[in-house]
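The values are calculated or read from the model by the stated rules, or taken from the named source; none is laboratory data. These figures come from a predicted structure and were not determined experimentally. All Cβ positions, glycine included, derive from the backbone under ideal geometry; neighbour counts span all protein chains shown. Note: areas computed on protein heavy atoms with side chains; ligands, DNA, RNA excluded. Shrake-Rupley method; radii C 1.70, N 1.55, O 1.52, S 1.80 Å.
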Amino acid sequence: NGLITVDRSLRVATFNPTALEILRKPKEEVEGRPISELLPLEDEIRQVLSDTDAVLEKEVKLSSEGKGKSFLGLSVSPLKEPESSITRGAVIIVRDLTLIRELEQKVIVSEKFAALGRLSAGVAHEIRNPLNSIRGFIQYFQKKLQLDEEDYRYTDLMLTEVDRLNRVISKL
């Protein structure tokens, strides 16, 4: 977890190296800067400063130039004087949730493809059954009826087309 403290004027007072890694910023771009330049937390910090028992959680999506998107879980707590209710600032715990969110998106996509696969299999099954019946009846009538050569060619063409549809369904 990254750890950042801000003073009452909402400027970064301290931070750990993990916070720099998560924010993808060098030390110079963090130290003493207003928190609003780094994270959208001004309202939450002001609320924590006014209510010393408050602990606020927030999730944000940040975009960095050339570095992609980051999903961060943020927790804001008051920073109090020991044995006192005087608030000196706020502590922000920063968690990088990017990998978790990306995995969640992949699971959603996989579930959609699985559902599409189940739908395709169901449709294929429902189409294949009547096709097999049609094929069987065509073969039955070819043997049962005395077809002239032209009619036999037509029924043979029907069998070819039924087989073609079966191949398309199999590919589906």
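Key figures
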| quantity | calculated |
| --- | --- |
| Apportionment of accessible area to carbon and sulfur, segment 75-167, percent (1.4 Å) | 60 percent |
| Amide hydrogen neighbours beyond the local backbone of residue 16, cut-off 5 Å, H modeled | 3 |
| Distance between modelled label sites at residue 120 and residue 171, nm, 7 Å Cα→Cβ extension | 1.2 nm |
| Environment charge at residue 37 (Cβ cut-off 12 Å; Lys +1, Arg +1, Asp -1, Glu -1) | 0 |
| Expected-Rg normalisation [2.2 N^0.38 Å, Cα atoms] applied to segment 13-58 | 1.26 |
| Descending semi-axes in Å of segment 32-141, equivalent ellipsoid built from Cα gyration tensor | 60, 15, 9 |
| Vicinal HN-Hα couplings computed from phi for segment 157-162 (Karplus, 6.51 cos²θ - 1.76 cosθ + 1.60; Hz; Gly/Pro x) | 5, 4, 4, 4, 5, 4 |
| Estimated [θ] at 222 nm from DSSP helical runs (n ≥ 4, -39500 (n - 2.57)) normalised by residues in the chain, nearest 500 | -17500 deg cm²/dmol |
| Amide H contacts of residue 97 (H built 1.01 Å from N, under 5 Å, at least 5 apart or other chain) | 71, 72, 73 |
| Estimated FRET transfer efficiency (residue 46, residue 103; beta-carbon r; R0 35 Å; 0.05) | 0.55 |
| In Hz, Karplus ³J(HN,Hα) per residue of segment 9-25 (6.51, -1.76, 1.60; θ = phi - 60°; x = Gly, Pro) | 8, 6, 9, 5, 9, 9, 6, 9, x, 5, 4, 4, 4, 5, 7, 6, 10 |
| Estimated vicinal HN-Hα couplings, Hz - segment 34-43 in sequence order (Karplus 6.51, -1.76, 1.60; Gly, Pro = x) | x, 4, 4, 6, 10, 9, x, 10, 4, 4 |
